[in-house]
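One structure below.
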Amino acid sequence: MPCPGPQAHTTIAQMIKLFAGLGNPGPDYAATRHNAGFWWIDALARELKTTLLPERSHQALLARTTVHGQSVWLLQPQTFMNHSGQSVASLARFFKLQPEEILVVHDELDIAPGQVKLKRGGGHAGHNGLRDIHGQLGSPDYWRLRIGIGHPGVRSEVINWVLKKPSPEQRALIEDSIAHSLRAWPALLVGEMDKASLLIHTTRPPRPKPARPVPD
């Protein structure tokens, strides 16, 4: 398994030990915007060469791997979005994880497709998955990776928007942003949050446009 080199100045307590991606279970939701957090966790699992498997005790798909002798968990709650906190808090309590050791990856309406933002703490901004995690953990002080999916422009359309597939163009932008933010996983794993933030928030070159056909 690839892993970052040793960091003499990093304390183990600062590591992100639980990566929890939010979404809804089942094939009907797999390609919808609300499942962007699942997409990110799937990509990280490929990077770490690990496999998510059903774990009934935490109502989740779960992978456990080891970095620098410390356990790291990848989690996809199978409780449906509005009850994500049950799964996240169950695993956190069982393994005695602190909020600052948890990164929740989720879709974000207020960020355009192609952009990702890293932050710690704050409100849930109406996101029901975060709302439940707040309540179940009893703290908002976990880290969040916010994957932009854009806003439909009308509040009444938000539910339909998040539960529909993005256009091919938007899906490509979201996939690009996931690949871009994954560059930060070694820093996240060893608790170098300033470095991770810099990597995630640094603007990358735009995806090149296809060449126009040359007329005969």
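Can you tell me the Rg and Dmax of the stretch 58-147, counting just the alpha carbons, in angstroms?
Rg then Dmax for the stretch 58-147, in Å: 12.9, 38.
Would you kindly derive the ³J(HN,Hα) couplings of the stretch 143-149 from the backbone phi angles with the Karplus curve 6.51 cos²θ - 1.76 cosθ + 1.60 (θ = phi - 60°), listing them in order in whole Hz, with x for Gly and Pro?
Once θ is set to phi - 60°, the couplings for the stretch 143-149 become 7, 10, 10, 9, 9, x, 10 Hz.
For Arg144, what is the net charge nearby, where nearby means another residue's Cβ is under 9 Å from its Cβ and Lys, Arg count +1, Asp, Glu -1? Intermediate values should be presented prior to the final figure.
Working: positive: Lys117, Lys119, Arg120, Arg146; negative: Glu108.
That works out to +3.
Computed over the Cα atoms, what is the radius of gyration of the stretch 12-201 divided by 2.2 N^0.38 Å, N being its residue count?
Compactness ratio reported: 0.94.
Multiplying the sequence separation of Arg93 and Glu47 by 0.36 nm and subtracting their Cα-Cα distance, what value in nm do you get?
13.9 nm
Using a Gaussian network model of the chain with C-alpha springs under 10 Å, which one of Ile159, Ile16, Ile200 is most mobile by mean-square fluctuation?
Its mean-square fluctuation being the largest, the pick is Ile159.
Specify the inter-centroid distance of the stretch 122-136 and the stretch 71-101, based on alpha-carbon positions, in whole Å.
13
Among Leu97, Leu198, Leu130, which one shows the highest mean-square fluctuation when the chain is modelled as a Gaussian network with alpha-carbon springs under 10 Å?
For the chain, modelled as a Gaussian network with Cα springs under 10 Å, the answer is Leu198.
In terms of modelled amide H atoms, which long-range or inter-chain residues lie less than 5 Å from the amide H of Val104?
Residues meeting the criterion, in which the H sits 1.01 Å from N, are Ala20, Trp143, Arg144, Leu145.
Taking Cα pairs under 8 Å and at least six residues apart, what relative contact order does the chain come out at, in percent?
Reported as a whole number, the value is 25 percent.
Is it possible to state the helix-based mean residue ellipticity at 222 nm for the chain, with each DSSP H run of 4+ residues giving -39500 (n - 2.57), the sum divided by total residues, to the nearest 500 deg cm²/dmol? What is it?
My calculation for the chain gives -9000 deg cm²/dmol from helical runs alone.
Where both residues lie in the stretch 106-210, what percent of DSSP beta bridges are antiparallel, nearest 5?
The answer is about 60 percent antiparallel.
Out of the DSSP beta bridges found with both residues in the stretch 8-151, what percent are antiparallel (nearest 5)?
So the antiparallel bridges in the stretch 8-151 amount to around 55 percent.
Coordinate-derived values only; no laboratory data. The structure presented is a predicted model; accordingly, all values stated were derived computationally and were not measured. Neighbour counts are summed over all protein chains in view; Cβ atoms, including those assigned to glycine, are modelled from backbone coordinates with ideal geometry.
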